[in-house]
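Below: one structure, written as structure tokens.
The values are calculated or read from the model by the stated rules, or taken from the named source; none is laboratory data. Computed from a predicted model, the values in this text were never measured in an experiment. With ideal geometry, Cβ positions are generated from the backbone for all residues, glycine too; neighbour counts draw on all protein chains shown. In case anyone asks, the SASA skips ligands and DNA or RNA and just uses the protein heavy atoms, side chains included. Shrake-Rupley method; radii C 1.70, N 1.55, O 1.52, S 1.80 Å.
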Amino acid sequence: MAKKAGKKKASNKSTEWIAGYISANRATSEENERRRKEEGFKEQKGLKNLNSTEKVYVTVIVLGLIGIFIRYVVLKLI
């Protein structure tokens with residue numbers, strides 16, 4: 001009698017890749033946090049620790065909100 005070929009386990013490469021990325025990122029974050037504690041670095045809150053791209057995003061959002069306010073509130077009164 002011939003043996004039946006067993007089913008191969010389906011491999012999900014994307015899940016393995018994402019899980020690897022998450023575990024590597026977690027390890028890197030823990031290492032950075034440990035190093036900051038050793039150096040006595042205190043993380044600043046607020047807009048001071050934003051990079052240039054994030055500052056541009058905040059500026060665009062604020063300008064957009066000002067524009068919406070002017071259009072729907074100020075110009076409706078005129």
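Side notes on the structure shown:
- Whenever a residue of the stretch 44-61 is surrounded by 10 or more Cβ atoms within 10 Å (Cβ to Cβ), its partners that are assigned to a helix (DSSP H, G or I) and modelled with pLDDT under 80, lying with C-beta atoms within less than 8 angstrom and at least six residues away or across chains, give the pairs K55/L47; V58/L47.
- Pairs are defined by a Cβ separation below 8 Å, a sequence spacing of at least 6 or placement on different chains, a first member in the stretch 62-75 that is surrounded by fewer than 10 Cβ atoms within 10 Å (Cβ to Cβ), and a second member that is assigned to a helix (DSSP H, G or I); no pair meets this definition.
- Residue within the stretch 11-19 that is modelled with pLDDT under 85, open to solvent by 80 Å² or more (accessible area, probe 1.4 Å) and charged (D, E, K, R) present: yes
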